[in-house]
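Here the structure is laid out as structure tokens; the discussion comes afterwards.
The values are calculated or read from the model by the stated rules, or taken from the named source; none is laboratory data. The structure presented is a predicted model; accordingly, all values stated were derived computationally and were not measured. Using ideal geometry, Cβ is built from the backbone for each residue, glycine included, and neighbour counts are taken over all protein chains shown. Heads up: the accessible areas ignore ligands, DNA and RNA and are worked out on the full protein's heavy atoms, side chains in. Shrake-Rupley method; radii C 1.70, N 1.55, O 1.52, S 1.80 Å.
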Amino acid sequence: MMAVDGVGQRGVGQRGVGQRGVSQRDIAQLAGVSQSAVSVVLNGKADQLKLSVAVQQRIRAAAAELNYVPNAAARSLRGGRNGLIGVHTYESVFPVGSQDYYHDFLAGIEAQAAEDGVDLVLFTSTQQPDGRRSIYAGGTNRLRLADGAIVLGMERDDAEMLQLAQERYRFVCVGRRELPGVELPFVTTDYDGGVTTLVRTAAEQGHRSVKYVMNHASYSPQRERRTAFDREAAAHGITTDRVAGTELVITSSWLREVAADHTLLVVEDGHRAHQVTVASREAGMDLPQQLSVACLDVPTGEASTAGWTHLAVPRHAMGRRAVTLLLEILDGRVEPGHRDVLPCPPVPGTTLAAPA
């Protein structure tokens, strides 16, 4: 992902173009299509001419061969879109490693933006001295430099979300965002459905006593999972003993105590899965023979968590869909308040089994 300013066309000495800027006419000649076909494809509106996939690919290949770069400033002055999609995060997200919570979201956003031929601009000037980020920190909506924006972050400001909607600025939230009387656009995942399936599976296997380790946070994703878990546990006669993750150190002795009183340990945080695996090895415990375990998120990538029963939270797909949804809103193909809920099925794994 890169920060982008308005850039002009650059001259490329290919196919007789010489040192002048590469134009859409040059692309049309190379691809053997009309200039109007080139225009709609490069502007993400290929459906207007009902162009085949093969023709679209030929146009993009010709543009790439000629190193075509659209003049964002000129397009903006003509009243069109400038091909920039903003990314605003309420918390600092860079640098990110593969284990970072935001990694898959951002990777999905970048992959889809590249596929759709739009540039990304990361808004960092919105950061305030206390580290928080505000869209209106300078008194105006800085996101307007882009055609629209994708908004991420747990600490999102409801007042700012409302103001964006009232200004009719086009944006999409990654994660559920509900405000009374306002249809905010977002892409989220079906935590309820995933947790419901997992709890029913555990009940069918005979589990009736669960130790539940909560995440340190209590935002919408955590609340959705807890609500679904409590509802299904009560429906199947499962008793749940919760413990706050902020004050918990998972040790081998703690894990033995859990196994003495419960048949299933559920953790909300992917990092906890690794800690539980390490503690079980130190305790000489066999999972799931002595204690079944499951994670209501994606376990961290350590080899120790391979095989864990967990929810397949589609972060990469959510990032991708956020880009396509924003472009659909900008094109007028869907309503500005459109919402998408992606499936979040449990991965069976090998750590959830009938109590011994």
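Within the stretch 189-201, take every residue that is touching a strand residue (DSSP E or B) at 6+ places or on another chain (Cβ under 6 Å) and not β-branched (Val, Ile, Thr) and give me the one that is farthest from Leu296 (Cα to Cα). Selected residue: Asp190. Among the conditions (1) within 25 Å of Val187 (Cβ to Cβ); (2) touching a His at 6+ places or on another chain (Cβ under 6 Å), the only one that Pro314 does not satisfy is (2). Screening the stretch 301-317 for residues that are touching a residue at least 60 places away in the same chain (Cβ under 8 Å) and in contact with an Asp or Glu (Cβ under 8 Å, 6 or more places away or on another chain) and picking the one that is least open to solvent (accessible area, probe 1.4 Å) gives Leu311.
Pairs are defined by a Cβ separation below 6 Å, a sequence spacing of at least 6 or placement on different chains, a first member in the stretch 234-258 that is touching a residue at least 24 places away in the same chain (Cβ under 8 Å), and a second member that is surrounded by 11 or more Cβ atoms within 10 Å (Cβ to Cβ) and among the acidic types (Asp, Glu); the pairs so defined are Ser252/Glu282.
This table checks each residue for (1) within 27 Å of Gly193 (Cβ to Cβ); (2) at pLDDT 95 or above; (3) of a type in the set (S, T, N, Q); (4) open to solvent by less than 20 Å² (accessible area, probe 1.4 Å).
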position	(1), (2), (3), (4)
Glu257	no, yes, no, no
Ala294	yes, yes, no, yes
Arg321	yes, yes, no, no
Pro343	yes, yes, no, no
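Scanning the stretch 11-57 for residues that are farther than 24 Å from Thr324 by Cβ, at pLDDT 70 or above and basic (Lys, Arg) yields a single hit, Arg25. Name every residue in the stretch 217-247 that is open to solvent by 80 Å² or more (accessible area, probe 1.4 Å) and basic (Lys, Arg), in order of residue number. Arg223, Arg231, Arg242, listed by residue number.
Let me confirm something: among Tyr136, Tyr169, which residue is aromatic (Phe, Trp, Tyr), under 22 Å from the mean Cα position of the chain (by Cα) and surrounded by 15 or more Cβ atoms within 10 Å (Cβ to Cβ)?
Working: Tyr136 fails: under 22 Å from the mean Cα position of the chain (by Cα).
Exactly one residue qualifies, and that residue is Tyr169.
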